[in-house]
Amino acid sequence: MAVHVLRQTASARLWRIKGCAGLHRALTTATSASNPIILYDIKSKLDPQAWSPNTWKARFALNYKRLPYKTVWVSYPDIAAKLSSLGLEPLSSGAAPYTLPVIADPTHSGTPTIVRDSFAIAQYLDVTYPELERPLLPAGTHAFQALFLHHASTRITPTLRPLLVPLAPAILDAAALPYFYRTREASFGRPLAEVRPSGTALEEAWSKVEKEFGVLDSILQKNDVHCGGNGGDLVLGNRVSFADFVLAGLFVWMSKFNPGEDGNPWERIRSWHGGRWERLWKGCEEFMEVK
Ligand SMILES: N[C@@H](CCC(=O)N[C@@H](CS)C(=O)NCC(=O)O)C(=O)O
């Protein structure tokens, strides 16, 4: 079970998951409609702006818990400075040392609690607001939820990245573009214009995506009644959890692009596997508000 570690800086209390020594309640929060949680999300030209799959996981979590929050939009090149000003240090590894989502939860001391990373945010919200009785990580499923996130991040997202990342400049704010091209070209090792396949290679790339969703479909079929499951369309069957938001975050991300040659990515996949993904989207639809 997660432990919250609070480190006080001049501007913030920082909440971190560390080890598994026991369950702690976070400090008393002062969140209210007039003093909401702040969700830092990545700016875009869209209306509403929300598009990033990772920050959507945190937005789904806040909406599901019906917590008051408001979004502060940050352009890619400003993320590092914004998070440093909140007292966060760079992540020790990875190409992007500062990432969103991050939330700032008001406390009675006036110093907000800062939480980074979507899974840590889900843990924090469950620990801090148990009275809401809407767990993102229902008891007994913590390791499963982490495994599900790991599976999606290592098997599904990598098949989508070459198809979707090159489309992002079309929806980003102008200030983000030089940063986005520089960092993404470094990560792919070639110009972004050369990353997205076309022609038969494009269809092959989509086949890889379909194959990975097929693996997940066969796993989720274990929830069917004839397999002894409860028969629902969500990852835990008939109960919403963080794992659904991992997938729904990817679906919302896919829905934001219109590449032309191969159509809207979400429109392409929504009917795959007997409409499973469409049904999962519907199960999460009531938590898609952008505040
Ligand atoms: N594991 C993290 C991943 C967060 C992440 O990679 N966020 C991306 C946006 S989707 C980001 O902020 N990147 C900043 C950058 O590329 O500079 C989470 O789920 O919170």
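The values are calculated or read from the model by the stated rules, or taken from the named source; none is laboratory data. Quick caveat: nothing in here was measured; it's all calculated off a predicted structure. Side chains included, ligands, DNA and RNA excluded: accessible areas come from the protein's heavy atoms. Shrake-Rupley method; radii C 1.70, N 1.55, O 1.52, S 1.80 Å.
A few remarks follow.
- Take S92: with every protein chain present and a 1.4 Å probe, its accessible area is about 130 Å².
- Straight-line cross-link partners of K82 among the aspartates and glutamates, defined as a Cα under 12 Å from its Cα and at least 8 positions apart when in the same chain: D41.
- Size descriptors for the chain: radius of gyration and Dmax over Cα atoms are 19.2, 59 Å.
- For the residue pairs K211/K291; K70/K282; K65/K256; K45/K211, the alpha carbons lie more than 27 Å apart in K211/K291; K45/K211.
- Solvent-accessible area of T55, all protein chains in place: 0 Å² (probe radius 1.4 Å, heavy atoms, ligands and nucleic acids excluded).
- Average Cα contact separation per residue, the chain, under 8 Å, 6 or more apart, as relative contact order %: 20
- Helix-only [θ]222 nm of the chain, DSSP H runs n ≥ 4, -39500 (n - 2.57) each, per residue, nearest 500: -12000 deg cm²/dmol
- To the nearest 10, the accessible area of I114 is 0 Å² with a 1.4 Å probe.
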